[in-house]
């Protein structure tokens, strides 16, 4: 596996809409769609249609809530790993509800990332965890900058502390020392802070424990100092980071039992996508939300361990959940993504890892199910194998060699597949530009507009996407809120000041940049997000939309 790759997609493949209208569940999918309640763990292989299946299950659970005439009080909660997946789920669930059940999309369900859910919980009752109503959430880039400054400050005060850990060959080049040692020190600080927060260990408590230890612990002392400086910087900003959100959500749930019970009643069903990427704290948060009714569906690939290398995620939480409830354990084994030789190779690795010759401990062995091809007549048939079907490089490639291999592959493949398009994925823009230059040198057609777009272009595209997102689901109050705060209000503010509205750097956009707005506007924005009938705001009639936002009457300046 190299750090850039090629993704080939047929331009003439069947549209999603056509496929969904003709959808007949595979037997494994049909078993999952029979779900009535309780804990259910689902092991899904890559390309098995888990997002499609979970979306359809969510729509059917919304229909069940609608039958009880309590959609205004309860929601099916769907949590996933990325913002793009959130949007994918919203579109699919809304389509199912509209076309299959005849229900209004955007009502009766909530789709969030795990951090977005934690943000919702904390934002609803920030006083429970000692935060003000307008607390900030810093983004990853700002967090990295703060940690880097803390690391550089420590190295300046303690220039020799890393000396014993530097390889002798690095000492011949101070430039290599500056480049690699600083990067390694920042990585160490990141890992220390992540683990400390996962363990809910505050800097002063760790310092007390270190003071009781005998001997010298230079790396531990370094991590503690950077951690303390980082947390102090967050405190002076009145901000929290992404890792804090889960901890604060747990603290809020523990601080007020009535608040916890209200959330449990609000979300009688919790569906978790990409559960293999869950951490201990994230699992604890969802477990508390489902303690009353136990209706918790977890779907994931137990062998997909990418995020475990740089986050506190661990696939064992999903595996243990599946094993804990064997009667409700399900598999999604069919995949039309790969040709049969790829499937056979993957299955061989699974079986080898679990056999006597692998020498792997049980916790490191790959987990079932084995991947099965799709059945005959399936709308996603397995592709024909290439020639050769599998090619494995038996040596590591340098970045330049990798570019050469990609270009050579495209030169051979593209002429025979003129109706296909190829996406070349690169880890950063610099590598992307190098690949684009190589494509140009070999007279291969390419489009590098995504690499070359400026911030103004991206901002305009984001505003347009926000408008279109609301138009597609005008009954979704959260989209109305996002439209107001990211498009309407900045435009109005710019017109009043006769200056272009500038985005505030360093703010996270979990749901919306509310904290960037003036306080009265921020309060109004929160109110928009709580409207049950957004049309009452856009088209005022006999019923005043403010009637359902009673708390706004108590806000200074909003009467």
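Readers should treat all values here as calculations from the given coordinates under stated rules, not as data from a laboratory. Predicted model only: the values in this text are computed from it and were never measured. Using ideal geometry, Cβ is built from the backbone for each residue, glycine included, and neighbour counts are taken over all protein chains shown.
General observations
- If the segment from residue 429 to residue 394 were pulled out straight at 0.36 nm per residue, it would be longer than the present Cα-Cα gap by 9.9 nm.
- Cβ-derived FRET efficiency at R0 35 Å, residue 202 paired with residue 521, nearest 0.05: 0.50
- Packing-based ranking, highest mean first, of 343-349, 427-433, 312-318 given that Cβ atoms within 10 Å are counted: 312-318, 343-349, 427-433
- Cα-based Rg of the range 416-463 normalised by 2.2 N^0.38 Å, two decimals: 1.35
- Highest-first arrangement of 56-62, 360-366, 409-415, where packing means the average Cβ count within 10 Å: 56-62, 409-415, 360-366
- A straight chain from residue 488 to residue 284 at 0.36 nm per residue would run longer than the Cα-Cα distance by 69.6 nm.
- Sorting the segments 214-223, 36-45 by their residues' average number of neighbouring beta-carbon atoms within 10 angstrom, most packed first, yields 36-45, 214-223.
- For residue 404 and residue 384, the FRET efficiency from 1/(1 + (r/R0)^6), where r spans their Cβ atoms and R0 equals 41 Å, is about 0.90.
- Prolate/oblate/rounded call for the range 139-240, Cα gyration tensor, a/c under 1.5 rounded: oblate
- Inter-label distance for residue 256 and residue 471, nm, one decimal - labels placed 7 Å from Cα along Cα-to-Cβ: 4.0
- A Cα-only calculation for the range 336-420 places Rg and Dmax at 17.1, 47 Å.
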